Amino acid sequence: EVKNEGEEVKEDGEEKEEQKKDTIHTNTNLLVDSLKFKKYSGFREDPYLFLDKDADAFTPIKEWYSVKEDFPFDNIFARSSENTKQRVLSVACRRIRDIIQNNEKRIKIINCGLKLFSYCKPSFSICPYRIVQAGIHYSAQFLGSRLYTVCRDDMERALSAAGVPKHTLTTPGLAEQLTGIPTMIIVFHLPTEGLRPEFWICIFSTENNIKSYVTEDEKNHFRLLLGMEPLITVREKRKLDAMEKYREKKRLEKEGIREGGAVKEGQEEKDGADAGDDQGGLEGAEGDNQGLEGLEEEVDQGLEMKDQVKEEDVERTNGD
């Protein structure tokens with residue numbers, strides 16, 4: 001009987017533990033269900049849309065730049081959806097294109113490719129897409145027009161700070177070729193010479209003038225390749241202006257301190273002179289007081305002597 005009672009007590013304990021475990025699992029499930037997990041709220045990357053060869057974006061590019069047939073149209077992509085305008089056209093190799101297209105929902109790609117064309121306003125260029133300097137060394141080999149080989153002098157003049165009139169270009173036939181070209185971006189090519197490599201530069205062509213369309217750092221880089229002195233950039237000019245203002249401020253502060261010191265010394269001299277005058281006045285007053293005291297003593301002595309004479313006369317009179 002005792003054994004049976006112990007077995008019953010053991011079975012009751014196991015049942016209670018099982019009930020306790022079920023209660024814990026139930027409460028945990030309810031807690032998890034009640035939690036509100038935060039969704040990912042980071043920056044959403046634009047999709048990679050690879051264009052077809054007959055896409056509308058390629059029509060003006062083919063027309064104005066006479067792009068060759070071997071241009072890799074299938075590897076050109078834009079970072080936008082189909083319903084929006086493609087602002088930047090970039091190129092990627094075939095393997096990168098396959099990786100992006102086959103893993104679009106599995107991996108997140110921040111950026112890739114090489115920029116070739118960028119959308120611009122009609123007031124800036126008659127062609128809606130201009131050539132970008134970042135990919136000019138790749139896209140230049142596929143251009144059938146708007147690409148001009150120039151001499152060293154014309155390249156140096158194009159890299160100057162100001163614009164250059166078209167009629168002053170010295171390359172044979174270049175001024176005639178640029179005549180009549182509408183406002184747009186063209187390309188200047190300088191061939192290899194000695195140890196200097198060849199390079200291409202985007203040029204902004206207007207009706208009568210041309211000017212390099214590159215950043216200040218890129219312009220200085222090309223100028224150094226040609227053995228020219230680099231130009232002062234806007235960033236460096238701001239630093240120089242800030243340094244000059246700081247030096248002028250320090251100079252004015254030093255002059256103010258010097259002027260303040262001179263004023264202080266003059267004030268001290270004036271205060272010293274006033275103090276000397278006051279001291280001289282006090283000494284003069286003291287001298288006057290001493291003179292009055294001496295005069296009073298002389299008067300007193302005279303009065304005493306007079307009284308003595310009177311007393312002697314009275315005594316003489318009584319004796320007689």
Problem - Near pairs, Cβ below 7 angstrom, 6+ apart or cross-chain, from region 89-114 (under 27 Å from PRO128 (Cα atoms)) to any residue that is outside any helix (DSSP H, G or I) and open to solvent by 80 Å² or more (accessible area, probe 1.4 Å) - result: SER90/LYS115
Practice task
Please tell me if LEU169 is out of contact with any Gly (no Cβ under 6 Å at 6 or more places or on another chain), at pLDDT below 90 and over 25 Å from PHE117 (Cβ atoms).
Solution key: no
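Tell me, yes or no, whether region 40-48 has at least one residue that is surrounded by 11 or more Cβ atoms within 10 Å (Cβ to Cβ) and at pLDDT 85 or above. Steps first, please.
Initially, region 40-48 is screened for residues surrounded by 11 or more Cβ atoms within 10 Å (Cβ to Cβ), giving 45-48.
Right, trim to at pLDDT 85 or above and you get 48.
Within region 40-48, one or more residues are surrounded by 11 or more Cβ atoms within 10 Å (Cβ to Cβ) and at pLDDT 85 or above.
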Handout entry: Flag for GLU176 being touching a residue at least 60 places away in the same chain (Cβ under 8 Å) and surrounded by fewer than 19 Cβ atoms within 10 Å (Cβ to Cβ)
Key = no
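Give me the residue from region 183-215 that is of a type in the set (S, T, N, Q) and more than 17 Å from ARG130 (Cα to Cα) and, out of that set, nearest to the chain's Cα centre (by Cα). Outline the logic, then answer.
Kept after step one, since they are of a type in the set (S, T, N, Q), are these residues of region 183-215: 183, 192, 205-206, 208-209, 212, 215.
After this cut, where a residue has to be more than 17 Å from ARG130 (Cα to Cα) as well, the list is 192, 208-209.
Working: THR192: 36, ASN208: 35, ASN209: 31 Å.
Step by step, filter region 183-215, then rank; the result is ASN209.
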Problem - Flag for PHE199 being under 16 Å from LEU225 (Cα atoms) and touching a residue at least 60 places away in the same chain (Cβ under 8 Å) - result: yes
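Taking region 163-203 as the region of interest, how many residues are assigned to a loop (DSSP other than H, G, I, E, B), more than 25 Å from VAL67 (Cβ to Cβ) and of a type in the set (Ser, Thr, Tyr)? Reasoning before the result, please.
Here is the first cut: in region 163-203, the ones assigned to a loop (DSSP other than H, G, I, E, B) are 163, 169-173, 179-183, 191-192, 194-195, 197-198.
Next, from what is left, pick out any that are more than 25 Å from VAL67 (Cβ to Cβ): 163, 169-170, 172, 194-195.
If we keep only those that are of a type in the set (Ser, Thr, Tyr) too, we end up with 170.
Result for region 163-203: 1.
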Exercise for the section: Confirm whether THR206 is over 18 Å from TRP64 (Cα atoms) and hydroxyl-bearing (Ser, Thr, Tyr). Expected result: no
Completion exercise
For region 234-249 the number of residues that are more than 13 Å from the chain's Cα centre (by Cα) and open to solvent by 100 Å² or more (accessible area, probe 1.4 Å) is 5
Problem - Scan of region 72-128 for residues that are touching a Leu at 6+ places or on another chain (Cβ under 9 Å), at pLDDT 90 or above and open to solvent by 60 Å² or more (accessible area, probe 1.4 Å), ordered by number - result: ASP74, LYS115, TYR119
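The values are calculated or read from the model by the stated rules, or taken from the named source; none is laboratory data. Fair warning: this is a prediction, and the values are worked out from it, not measured in the lab. Neighbour counts are summed over all protein chains in view; Cβ atoms, including those assigned to glycine, are modelled from backbone coordinates with ideal geometry. SASA here: full protein model, heavy atoms, side chains in, ligands and nucleic acids out. Shrake-Rupley method; radii C 1.70, N 1.55, O 1.52, S 1.80 Å.
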